[in-house]
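Note sheet for the following structure.
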Amino acid sequence: MQVRGISSRILGKASFGRMIQTRLTFFFIPISCHKMRGKGTSYEKMALMVQEYVEGLVKKYPYWNRTLGADHFFVTCHDIGVRSTENVTYLVKNSIRVVCSPSYNVGFIPHKDVALPQVLQPFALPQGGDDVQNRTVLGFWAGHRNSKIRVMLARLWENDTVLSISNNRISRAIGELVYQKQFYRTKFCICPGGSQVNSARITDSIHYACVPVILSDYYDLPFNDVLNWHKFSLILRERDVVNLKAILQSVTSEQYLALHDGVRQVQKHFEWHTPPIKYDAFHMVMYELWLRHHTVKYK
């Protein structure tokens, strides 16, 4: 199940609703753009539906007008949520967007909005762990060439004998879960942005204890206010792709072991549970919201 379904279901629970209202004084707006899209609703109609829904909330309840929506938040993943809320400019401008595609060049506001990890659960295989000795492949990526950086990555490295780079997802005909098992055998998993800056491959890499290599410009990394990504990942500029192999080979064994240990320590933060458990993704989001409560001013 994807993160948007889990987060919306958890946030809808009354106990968490009371917690948000009494302790954090935040209000959750349950907009489910993907459900509307799944029913074949056009982007234009979704935008009108969201507009009517939010305008109805503003008129019906007194809470919005206290802060002009600054103490309200909504969850959305990918470009569907961005397009469906474009008619409600005050929602996007004032409220907190908890979003999977937090790109600086498409209106993401770091001090206000929250970057959400794109998680596809359940994972096909168990967590990676103390298995460094099995990781003999330097770097791995397999996927669709649906962005400029992915095209460059494939063209430069798909025939390399050290890096395992494929411009297509590994076919199931080769064997069961071959793609997922490759994460177990790899030291560094390359995570280029796709149609958006984000990629579920980042959380896949963390789950399988493969050090993620972030290759995506303008990306505000999830939980960046809490976690030091430099302790469990390599963060590169897209232009660094031409030197990718040299960069990975320059990482010493000591540095790699520290990064791998860092990945293992943060695995619990990138998983969703129903009900939530301590330090999981839900509680990370709640903490990110709490960090923003001091910016809310009441009338």
Fill in the blank from the handout: Counting only protein heavy atoms with a 1.4 Å probe and every protein chain in place, the carbon and sulfur fraction of the accessible surface of the stretch 104-154 in whole percent equals 57 percent
Handout entry: Share of carbon and sulfur in the accessible heavy-atom surface of the stretch 198-281 [1.4 Å probe, %]
Key = 47 percent
Practice task
Report, to the nearest whole %, how much of the accessible area of the stretch 49-89 belongs to carbon and sulfur atoms, 1.4 Å probe, protein only.
Solution key: 54 percent
Handout entry: Average accessible area per residue (Å²) across the stretch 105-158 - probe 1.4 Å, nucleic acids and ligands excluded
Key = 49 Å²
Handout entry: Compactness of the stretch 181-299, expressed as Rg and Dmax over alpha-carbon positions, Å
Key = 15.9, 56
Completion exercise
Taking a probe of 1.4 Å and leaving out DNA, RNA and ligands, the stretch 185-299 shows per residue an accessible area in Å² of 45 Å²
Practice task
Return the sequence-ordered ³J(HN,Hα) values of the stretch 135-148 in whole Hz as given by the Karplus equation 6.51 cos²θ - 1.76 cosθ + 1.60 applied to θ = phi - 60°, using x for Gly and Pro.
Solution key: 8, 9, 8, 5, x, 9, 7, 9, x, 7, 8, 9, 7, 4
Handout entry: Space enclosed by the convex hull of the alpha-carbon atoms of the stretch 51-154, per residue, Å³
Key = 181 Å³
Exercise for the section: Step through the table entries Lys45/Lys93; Lys112/Lys231; Lys181/Lys245; Lys39/Lys148; Lys35/Lys93; Lys148/Lys187, compare each Cα-Cα distance with 28 Å, and write down the pairs that go over it. Expected result: Lys39/Lys148
Fill in the blank from the handout: In Å³ per residue, the alpha-carbon convex hull of the stretch 180-228 encloses 78 Å³
Completion exercise
Relative contact order of the stretch 157-299 (C-alpha contacts under 8 Å, at least 6 apart) in percent is 17 percent
Exercise for the section: Treating each Cα of the stretch 131-238 as an identical point scatterer and ignoring solvent, apply the Debye formula and state log10 I(q)/I(0) at q = 0.12, 0.19, 0.23 Å⁻¹. Expected result: -0.39, -0.99, -1.41
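The values are calculated or read from the model by the stated rules, or taken from the named source; none is laboratory data. In this text, all values refer to a predicted model and were calculated from it rather than measured experimentally. What goes into the accessible areas is simple: the full protein's heavy atoms, side chains included, and nothing from ligands, DNA or RNA. Shrake-Rupley method; radii C 1.70, N 1.55, O 1.52, S 1.80 Å.
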